[in-house]
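Participant: I am attaching a structure below and will ask some questions about it afterwards.
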């Protein structure tokens with residue numbers, strides 16, 4: 001393989017990457033234990049093929065759309081958990097925190113007759129307050145996050161029961177609210193958003209290359225950039241094409257087509273948090289505290305404030321997840337956010353490639369890991385497995401993902417690539 | 001060699017409760033020179049450095065920087081003056097790359113967005129000025145660097161901010177032979193670039209290889225500050241272990257100075 005060295009940035013010689021060396025580097029990182037989302041993506045493909053072959057309904061556009069609605073709550077909670085996990089902390093209360101926030105929104109909508117635009121902000125503020133209290137107890141009082149959030153797990157479970165008056169079910173009738181995680185965008189809007197997303201991604205990528213090239217810095221090879229843009233374009237456009245098919249069993253009565261409304265919402269938060277983690281100094285500081293707290297402290301980073309903030313983001317995203325769960329069911333009950341939701345969310349983050357040891361993870365992990373979880377849940381359901389069997393299988397997958405994380409970390413320590 | 005010291009401290013006293021660690025210590029650091037700070041374990045080297053860098057506040061004494069008397073109350077004051085310390089454990093984040101580590105806590109921004117091209121360029125310029133010419137990529141994770149390369153990144157991080165004095169705490173302690181030579185070369189280059197360098201070291205070979213002056217601490221007192229060319233290896237070892245060597249160093253202890261007949265020779269402790 002030929003590599004040309006280039007002089008850049010005031011005289012430091014670095015290797016100018018080619019498409020070949022780029023792929024080679026990536027493979028080297030994978031072998032060195034930096035797996036990222038690769039195992040999850042492979043798992044997603046294998047599982048989808050197995051379920052698709054066993055039940056042809058798995059690949060129907062109706063089922064495809066269902067996956068997004070079913071997985072939304074887990075994906076939102078997992079996005080918030082990734083911030084917490086990046087610091088090597090854990091939030092066990094995220095599931096019931098989402099339940100509590102869901103109950104708040106349902107009570108305001110139904111019992112107090114508020115409209116969605118006032119009820120949803122109150123639920124979000126509830127999430128922020130919860131996160132602040134958790135973060136304060138961990139950062140300022142110094143209680144391990146495991147204990148704080150275990151106590152909160154129990155506490156919020158009780159709070160949810162109290163809010164719902166001992167276990168009644170409150171249903172929501174606000175049309176807009178219920179549409180959030182049930183209805184679809186019109187076909188036109190689906191295409192407009194899909195194409196806008198592809199164009200925006202391409203613009204960001206090219207802009208990055210251009211601004212680096214202008215300073216004479218090393219840029220990713222053009223082939224890799226085009227491959228990335230092309231890959232995303234194919235993925236989004238094919239998905240949009242499938243989702244804009246008519247998927248109602250009886251279209252004459254109730255037409256069902258278009259991208260589920262929840263997809264652009266997931267996309268929005270994916271972009272927002274990826275931006276925050278990757279492009280702002282706040283995100284940089286989160287990684288730094290997760291990687292080496294002492295180094296971060298000496299660099300003048302307010303470690304305690306960062307620690308509180310990740311719990312705030314975690315519970316805020318749990319609130320979004322709760323809102324989506326209530327919207328999906330059009331009701332809230334004492335088990336909203338309970339049962340397997342928390343474990344699925346932690347599982348989604350870890351399966352997606354976020355490390356339980358802190359310092360390593362990306363927001364996209366939540367989406368990929370969440371997709372794996374949703375596919376298992378949905379596919380095994382289609383195959384007629386019982387809930388018990390689904391739990392066992394998901395548990396095994398989570399164990400495998402955690403083992404991959406731990407082994408990759410050991411391998412990385414051995415190759416000096418932690 | 002420059003005649004006026006860049007940093008001059010004199011009469012520094014520092015105690016922790018009943019334990020007096022530094023007695024009337026003076027030290028001069030000249031621009032363009034490497035001043036080696038030597039002393040046995042517990043002689044007070046680390047305490048002195050922490051006083052200079054603002055982690056500890058001094059009990060009494062004066063600090064003069066660039067001709068002006070200054071008070072250093074916090075690490076922030078020290079970095080504002082241009083004093084940077086590279087600690088033994090380097091304080092780098094393994095999960096961040098070279099550029100990210102060098103700018104940690106002081107990131108360049110455009111609006112709220114990190115200005116990566118500018119940071120990468122500045123990092124590259126700084127490394128180049130230290131004659132570091134071959135890294136595979138400035139975007140390499142620090143985890144994948146060798147010990148010597150990490151030390152280089154830590155030193156580059158310290159000189160990135162137009163610092164005037166760089167204090168290095170045992171930079172070669174954990175390194176192999178070849179890497180030690182590289183780091184020492186880098187230390188020499190820092191001084192040649194006009195910085196005042198303080199090198200804390202136990203290794204006499206390193207000290208004689210790069211330093212212009214040697215300051216020897218003995219039980220919390222400055223035994224002697226001499227030009228490296230004026231002393232021999234064994235004289236420095238004597239200064240470290242006994243506090244004096246011939247007519248150099250502390251005056252001989254007079255028995256009358258001690259109240260009782262028991263002479264307590266326990267070092268004051270380093271902490």
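Participant: Against the conditions (1) surrounded by 17 or more Cβ atoms within 10 Å (Cβ to Cβ); (2) in contact with a helix residue (DSSP H, G or I) (Cβ under 6 Å, 6 or more places away or on another chain); (3) at the interface with chain A (Cβ under 10 Å from one of its Cβ atoms), where does residue B:65 fall short? Just the number, please.
Facilitator: (3)
Participant: Another one. May I ask you to say which residue of B:132, B:166, B:153 is crowded, with 21+ Cβ neighbours inside 10 Å, more than 9 Å from chain A (Cβ to nearest Cβ) and either in a helix (DSSP H, G or I) or out of contact with any strand residue (DSSP E or B) (no Cβ under 6 Å at 6 or more places or on another chain) (or both)? Spell out the reasoning first.
Facilitator: Numbers: B:132 fails: more than 9 Å from chain A (Cβ to nearest Cβ); B:166 fails: either in a helix (DSSP H, G or I) or out of contact with any strand residue (DSSP E or B) (no Cβ under 6 Å at 6 or more places or on another chain) (or both).
Answer to the check: B:153.
Participant: While we're on this one: Condition first: surrounded by fewer than 19 Cβ atoms within 10 Å (Cβ to Cβ) and either touching a strand residue (DSSP E or B) at 6+ places or on another chain (Cβ under 8 Å) or closer than 13 Å to residue A:179 by Cβ (or both). Now tell me which residues in region A:240-256 satisfy that. Break it down stepwise before answering.
Facilitator: To start, the set of residues in region A:240-256 that are surrounded by fewer than 19 Cβ atoms within 10 Å (Cβ to Cβ) comprises A:241-242, A:245-246, A:248-256.
Residue satisfying the conditions is A:256 alone.
Participant: Condition test on residue A:88, is it assigned to a loop (DSSP other than H, G, I, E, B) and surrounded by 15 or more Cβ atoms within 10 Å (Cβ to Cβ)?
Facilitator: It is true that residue A:88 is assigned to a loop (DSSP other than H, G, I, E, B) and surrounded by 15 or more Cβ atoms within 10 Å (Cβ to Cβ).
Participant: Same structure again: Given the structure, is residue B:199 assigned to a strand (DSSP E or B), more than 14 Å from every other protein chain (Cβ to nearest Cβ), surrounded by 19 or more Cβ atoms within 10 Å (Cβ to Cβ) and touching a residue at least 12 places away in the same chain (Cβ under 8 Å)? First the steps, then the outcome.
Facilitator: Working: assigned to a strand (DSSP E or B): yes; more than 14 Å from every other protein chain (Cβ to nearest Cβ): yes; surrounded by 19 or more Cβ atoms within 10 Å (Cβ to Cβ): yes; touching a residue at least 12 places away in the same chain (Cβ under 8 Å): yes.
For residue B:199, the condition - assigned to a strand (DSSP E or B), more than 14 Å from every other protein chain (Cβ to nearest Cβ), surrounded by 19 or more Cβ atoms within 10 Å (Cβ to Cβ) and touching a residue at least 12 places away in the same chain (Cβ under 8 Å) - is met.
Participant: A further question on this structure: Among the residues of region B:202-240, which ones are assigned to a loop (DSSP other than H, G, I, E, B) and in contact with a strand residue (DSSP E or B) (Cβ under 6 Å, 6 or more places away or on another chain)?
Facilitator: At the first step, the residues of region B:202-240 found to be assigned to a loop (DSSP other than H, G, I, E, B) are B:202-203, B:211-212, B:219-220, B:231-232.
Within region B:202-240, B:211, B:212, B:220 qualify.
Participant: Identify, from the list A:194, A:202, the residue that is in contact with a helix residue (DSSP H, G or I) (Cβ under 8 Å, 6 or more places away or on another chain) and farther than 30 Å from residue A:57 by Cβ.
Facilitator: Details: A:194 fails: farther than 30 Å from residue A:57 by Cβ.
Only one candidate qualifies: A:202.
Participant: Starting from region A:389-418, take each residue that is within 13 Å of another protein chain (Cβ to nearest Cβ) and list its partners that are in a helix (DSSP H, G or I) and modelled with pLDDT of 75 or more, counting only C-beta distances under 6 angstrom and pairs at least six apart or across chains.
Facilitator: From region A:389-418, the pairs are A:416/B:144; A:417/B:143; A:417/B:144; A:418/B:143.
Participant: Among the numbered criteria (1) within 27 Å of residue B:24 (Cα to Cα); (2) surrounded by 18 or more Cβ atoms within 10 Å (Cβ to Cβ), which single criterion is violated by residue B:206?
Facilitator: Only one criterion in (1) within 27 Å of residue B:24 (Cα to Cα); (2) surrounded by 18 or more Cβ atoms within 10 Å (Cβ to Cβ) is unmet by residue B:206, namely (1).
Participant: Scanning region A:206-223 for residues that are assigned to a helix (DSSP H, G or I), touching a helix residue (DSSP H, G or I) at 6+ places or on another chain (Cβ under 7 Å) and within 14 Å of chain B (Cβ to nearest Cβ), which turns out farthest from residue B:117 (Cα to Cα)?
Facilitator: Initially, region A:206-223 is screened for residues assigned to a helix (DSSP H, G or I), giving A:206-214, A:222-223.
Keeping just the survivors that are touching a helix residue (DSSP H, G or I) at 6+ places or on another chain (Cβ under 7 Å) gives A:209, A:211-212, A:223.
So of that shortlist, the ones also within 14 Å of chain B (Cβ to nearest Cβ) come out as A:209, A:211-212.
Numbers: A:209: 10, A:211: 7, A:212: 6 Å.
Top of the filtered list is A:209.
Participant: In region B:114-124, what residues are free of Cβ contacts under 8 Å to residues at least 12 places away in the same chain and either assigned to a loop (DSSP other than H, G, I, E, B) or within 16 Å of residue A:214 (Cβ to Cβ) (or both)? Reasoning before the result, please.
Facilitator: Within region B:114-124, the subset free of Cβ contacts under 8 Å to residues at least 12 places away in the same chain is B:114-115, B:117-118, B:121.
Answer for region B:114-124, where residues must be free of Cβ contacts under 8 Å to residues at least 12 places away in the same chain and either assigned to a loop (DSSP other than H, G, I, E, B) or within 16 Å of residue A:214 (Cβ to Cβ) (or both): B:115, B:117, B:118, B:121.
Participant: Applying the selection to region B:85-112, what residues are facing chain A (nearest Cβ under 7 Å), within 22 Å of the chain's Cα centre (by Cα) and on the phi < 0 side of the Ramachandran plot? Let's see the steps before the verdict.
Facilitator: Restricting attention to region B:85-112, the residues satisfying the condition of being facing chain A (nearest Cβ under 7 Å) are B:91-96, B:100, B:104-105, B:107, B:109, B:112.
Within this subset, residues satisfying the condition of being within 22 Å of the chain's Cα centre (by Cα) are B:91-93, B:104-105.
B:92, B:93, B:104 - these are the residues of region B:85-112 that are facing chain A (nearest Cβ under 7 Å), within 22 Å of the chain's Cα centre (by Cα) and on the phi < 0 side of the Ramachandran plot.
Participant: Within region A:265-289, track down each residue that is more than 7 Å from chain B (Cβ to nearest Cβ) and farther than 22 Å from residue A:201 by Cα. Explain how you work it out, then say what you get.
Facilitator: Taking region A:265-289 and keeping what is more than 7 Å from chain B (Cβ to nearest Cβ), we get A:265-278, A:282-283, A:285-286, A:289.
Within region A:265-289, A:282, A:285, A:286, A:289 meet the criteria.
Participant: Shifting gears a bit: Would you mind stating whether residue A:205 is surrounded by 13 or more Cβ atoms within 10 Å (Cβ to Cβ) and closer than 30 Å to residue A:222 by Cβ? Before the answer, list the steps.
Facilitator: On the way: surrounded by 13 or more Cβ atoms within 10 Å (Cβ to Cβ): yes; closer than 30 Å to residue A:222 by Cβ: yes.
Yes, satisfied.
Participant: Given B:143, B:174, which one is touching a helix residue (DSSP H, G or I) at 6+ places or on another chain (Cβ under 8 Å), at negative phi and in the same structural domain as residue B:38 (by TED's automatic domain parsing)? Before you say what the answer is, go through the steps one by one.
Facilitator: Details: B:143 fails: in the same structural domain as residue B:38 (by TED's automatic domain parsing).
When all the criteria are applied, what remains is B:174.
Participant: Those residues that are surrounded by fewer than 17 Cβ atoms within 10 Å (Cβ to Cβ) and part of a loop (DSSP other than H, G, I, E, B), I need them from region A:36-55; list them, please.
Facilitator: A:55
Participant: Let me ask something additional. Within the group A:20, A:33, which residue is modelled with pLDDT under 90 and surrounded by 15 or more Cβ atoms within 10 Å (Cβ to Cβ)? Working first, answer last.
Facilitator: Working: A:20 fails: surrounded by 15 or more Cβ atoms within 10 Å (Cβ to Cβ).
Among A:20, A:33, only A:33 is modelled with pLDDT under 90 and surrounded by 15 or more Cβ atoms within 10 Å (Cβ to Cβ).
Participant: What do you reckon, is residue A:49 under 26 Å from the mean Cα position of the chain (by Cα), under 30 Å from residue B:126 (Cβ atoms), at pLDDT 85 or above and in the same structural domain as residue A:315 (by TED's automatic domain parsing)?
Facilitator: Details: under 26 Å from the mean Cα position of the chain (by Cα): yes; under 30 Å from residue B:126 (Cβ atoms): no; at pLDDT 85 or above: yes; in the same structural domain as residue A:315 (by TED's automatic domain parsing): yes.
So residue A:49 fails the test.
Residue-by-condition table, conditions (1) touching a residue at least 60 places away in the same chain (Cβ under 8 Å); (2) in contact with a strand residue (DSSP E or B) (Cβ under 7 Å, 6 or more places away or on another chain); (3) under 30 Å from residue B:94 (Cβ atoms); (4) not in a helix (DSSP H, G or I):
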position: A:102; (1), (2), (3), (4): yes, yes, no, no
position: A:107; (1), (2), (3), (4): yes, yes, no, no
position: A:113; (1), (2), (3), (4): no, no, no, yes
position: A:149; (1), (2), (3), (4): no, no, yes, no
position: A:158; (1), (2), (3), (4): no, no, no, no
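Participant: Taking helices (runs of 4 or more DSSP H) that fall entirely within region A:282-389, which contain at least 1 residues that are farther than 27 Å from residue A:62 by Cα and more than 17 Å from the chain's Cα centre (by Cα)?
Facilitator: Values: elements: A:293-298, A:303-329, A:341-352, A:364-382.
Output list reads A:293-298, A:303-329.
Participant: Sticking with this structure for a sec: Look at region B:28-48 and say how many of its residues are part of a strand (DSSP E or B) and surrounded by fewer than 23 Cβ atoms within 10 Å (Cβ to Cβ).
Facilitator: Here the count works out to 1.
Participant: Could you tell me whether residue B:141 is within 10 Å of chain A (Cβ to nearest Cβ), in contact with a strand residue (DSSP E or B) (Cβ under 6 Å, 6 or more places away or on another chain), within 22 Å of residue A:287 (Cα to Cα) and at pLDDT below 90?
Facilitator: Working: within 10 Å of chain A (Cβ to nearest Cβ): yes; in contact with a strand residue (DSSP E or B) (Cβ under 6 Å, 6 or more places away or on another chain): yes; within 22 Å of residue A:287 (Cα to Cα): yes; at pLDDT below 90: yes.
Answer is yes for this residue.
Participant: Scanning region A:291-349 for residues that are under 19 Å from residue A:145 (Cα atoms) and within 14 Å of chain B (Cβ to nearest Cβ), which turns out surrounded by the most Cβ atoms within 10 Å (Cβ to Cβ)?
Facilitator: Checked region A:291-349; the qualifying residue surrounded by the most Cβ atoms within 10 Å (Cβ to Cβ) is A:291.
The values are calculated or read from the model by the stated rules, or taken from the named source; none is laboratory data. Note that the structure is a prediction, hence the values are computed from the model and not measured. Every residue, glycine as well, gets a Cβ built from its backbone with ideal geometry; the counts of neighbours run over all protein chains shown.
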